[in-house]
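*Asks:* My questions all concern the structure below.
The values are calculated or read from the model by the stated rules, or taken from the named source; none is laboratory data. Only a predicted model underlies this, so the values are computations on that prediction, with no experimental measurement involved. What goes into the accessible areas is simple: the full protein's heavy atoms, side chains included, and nothing from ligands, DNA or RNA. Shrake-Rupley method; radii C 1.70, N 1.55, O 1.52, S 1.80 Å.
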Amino acid sequence: DADEFIRYMVEGVTRMHTLLNDMLAYSRVTETKDKVLLPSSMDAVLNSAIMNLEASVRETGAEVTHDSLPTVLGDEIQLAQVFQNLIGNAIKYRSERAPRIHISAEQDGEDWIFSVQDNGIGLDPQYGERIFGIFKRLHGRELPGTGMGLAICKRIIERHRGRIWVESQPGKGSTFRFTLPA
């Protein structure tokens, strides 16, 4: 009984630690609002994010591909966090198939539209806005997470004067899109 009680305590402390770190990351986005945005190669930003996820990619057999991406004005660390969260979610919310993730960008007038497309479990379109809220999750504790990742992405993209959304159908994967000024 004591071992089980200690295990519950350790799991609770671990969840709290993760939650506090995510809340800190969320608050740091606005702390840097006055930081000057510099030309950032989104190819380099994406490669940094993929490197951070190397163990998950290898463990799941994920295939992450991308087109050539543009250079934009941005905070490279925050933009890498966006890619890392979106690719990490594509790996986490995978179907029985190995994750296939493709990142691309196309210019639309004054904006670049970035897409992170996956072959995962997808989600019902009615939850498309809800998932970007703080602590909003569509799955219970069966999958790890705090419900902060997409809220952080939204806050970062809005700081960069862009917007973020998802297009998805259950069982058909998801495509997360975000804009950044060209």
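*Asks:* Per residue, how big is the convex hull of segment 40-182 when only Cα atoms are used? Give it in Å³. Please list the in-between numbers first.
*Replies:* On the way: hull volume 14.4 nm³, N = 143.
Value for segment 40-182: 101 Å³ per residue.
*Asks:* Continuing with this model, one more query. Could you tell me the accessible area of Lys154 in Å² (1.4 Å probe, neighbours in place), rounded to the nearest ten?
*Replies:* Looks like 70 Å² after rounding.
*Asks:* When only the heavy atoms of the protein chains count and the probe is 1.4 Å, how do Tyr93, Tyr8, Tyr127 rank by accessible area, highest first?
*Replies:* Tyr8, Tyr127, Tyr93
*Asks:* If you rank Asp108, Asp124 by how much accessible surface each has, with a 1.4 Å probe, what is the order from largest down?
*Replies:* On the way: Asp108 95, Asp124 60 Å².
My answer, sorted largest first, is Asp108, Asp124.
*Asks:* Using the heavy atoms of the protein chains and a 1.4 angstrom probe, tell me the accessible area per residue for segment 65-130 in square angstrom.
*Replies:* On the way: 3310 Å² over 66 residues.
Per residue, segment 65-130 has an accessible area of 50 Å².
*Asks:* Another one. Just subtract the alpha-carbon distance of Tyr8 and Asn47 from 0.36 nm times their residue separation and send over the number in nm, one decimal. Display every interim value, and only then the final one.
*Replies:* Details: separation 39, 0.36 × 39 = 14.04 nm, distance 3.71 nm.
Gain in length upon complete extension: 10.3 nm.
*Asks:* Keeping the other protein chains in place, figure out the carbon and sulfur percent of the accessible area of segment 35-129, with a 1.4 Å probe. Mind dumping the intermediate values first?
*Replies:* Details: 2370 of 4970 Å².
Percent of accessible area from carbon and sulfur atoms in segment 35-129: 48.
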